[in-house]
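A.B. asks: I am attaching a structure below and will ask some questions about it afterwards.
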Amino acid sequence: MKHAKRRHRTNGQRAVLALNAVACVVCLGLAAGLTWSWQRIREIPRIELGAELALGEGDGAAGGAQNVLIVGTDSADGLPDDDPVRTGRDAGVRTDTIMVLRLDPGAEAAALLSLPRDLYVPISGTRGSSRINNAIQGGPARLVATINDALDVPIHHYVELDFQGFRELVDAIGGVPVYFPTPARDRNSGLWVPEPGCVTLDPVQ
């Protein structure tokens, strides 16, 4: 009894199979990456601002310009109790960095407005005026309302970065290069740069 000859795959068939295998591996890798990214995004703390954020009318409509309020605070929440950042720190939250990022997809442009912390404005929800960075004492919603009321700038999104978040950001980008024209030493923080030049500072520095 004769056996049928086994048909061998052609080079083209082998190439198609190899391509399909690579595509499957890539798809699995992308799925794992998206799952990891989504988990990390879900871990970002959310701040409820209620009705203070603009509803997206006019400039803020879908596809229109959006204003993002970026705030840097000196909050040490999330840091260990023995962290040097906590040394001598009193209660309360202050902010030295207040910026409005305007993104305009239609013009394919972005603009950044930095508000000086000493800018004297009426503080929303109170009967007086003060430096704009004092508005954060009433919470993020009061700061958003103050900028909207005093400067007529609607805020569509709010981002707040504290000490822990800043450290994580510096770590994610592999440090921040800073040029020192001369040797530098700060006895309070322990910073010691013995030689002038460009030094990449790590998150703790």
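The values are calculated or read from the model by the stated rules, or taken from the named source; none is laboratory data. The structure displayed is predicted, hence computed values, not measured ones. Please note: Cβ atoms are built from the backbone with ideal geometry, for glycine as well, and neighbour counts cover all protein chains shown. Ligands, DNA and RNA are excluded from the accessible area calculation, which covers all protein heavy atoms including side chains. Shrake-Rupley method; radii C 1.70, N 1.55, O 1.52, S 1.80 Å.
A.B. asks: Tell me yes or no: at least one residue of the range 136-149 is of a type in the set (Ser, Thr, Tyr) and within 16 Å of Leu69 (Cα to Cα).
C.D. replies: Yes - at least one qualifying residue is present in the range 136-149.
A.B. asks: Of everything in the range 143-157 that's assigned to a loop (DSSP other than H, G, I, E, B) and within 15 Å of Leu53 (Cβ to Cβ), which residue is least open to solvent (accessible area, probe 1.4 Å)?
C.D. replies: In this case the residue turns out to be Ile155.
A.B. asks: May I pose another question? Which ones in the range 77-87 are within 24 Å of Ile98 (Cβ to Cβ) and open to solvent by 20 Å² or more (accessible area, probe 1.4 Å)?
C.D. replies: Answer for the range 77-87, where residues must be within 24 Å of Ile98 (Cβ to Cβ) and open to solvent by 20 Å² or more (accessible area, probe 1.4 Å): Asp77, Gly78, Val85, Arg86.
A.B. asks: Need pairs with beta-carbon distance below 9 Å; first residue over 24 Å from Leu79 (Cα atoms) and within the range 166-193, second open to solvent by less than 50 Å² (accessible area, probe 1.4 Å) and of a type in the set (Phe, Trp, Tyr); sequence gap 6+ or separate chains.
C.D. replies: Val193/Phe180
A.B. asks: Return yes when Asp118 is at pLDDT below 90 and at negative phi and no when it is not.
C.D. replies: no
A.B. asks: Can you work out which of the residues in the range 96-142 that are open to solvent by less than 40 Å² (accessible area, probe 1.4 Å) and without any contact (Cβ under 8 Å) to a residue 12 or more places away in the chain is nearest to Ile155 (Cα to Cα)?
C.D. replies: Gly139
A.B. asks: Does at least one position in the range 54-76 carry a residue that is open to solvent by 50 Å² or more (accessible area, probe 1.4 Å), at pLDDT 65 or above and acidic (Asp, Glu)?
C.D. replies: no
A.B. asks: Here's something else I'd like to know. Filter the range 174-200 down to residues that are modelled with pLDDT under 90 and in a loop (DSSP other than H, G, I, E, B) and give me whichever is farthest from the chain's Cα centre (by Cα).
C.D. replies: Arg187
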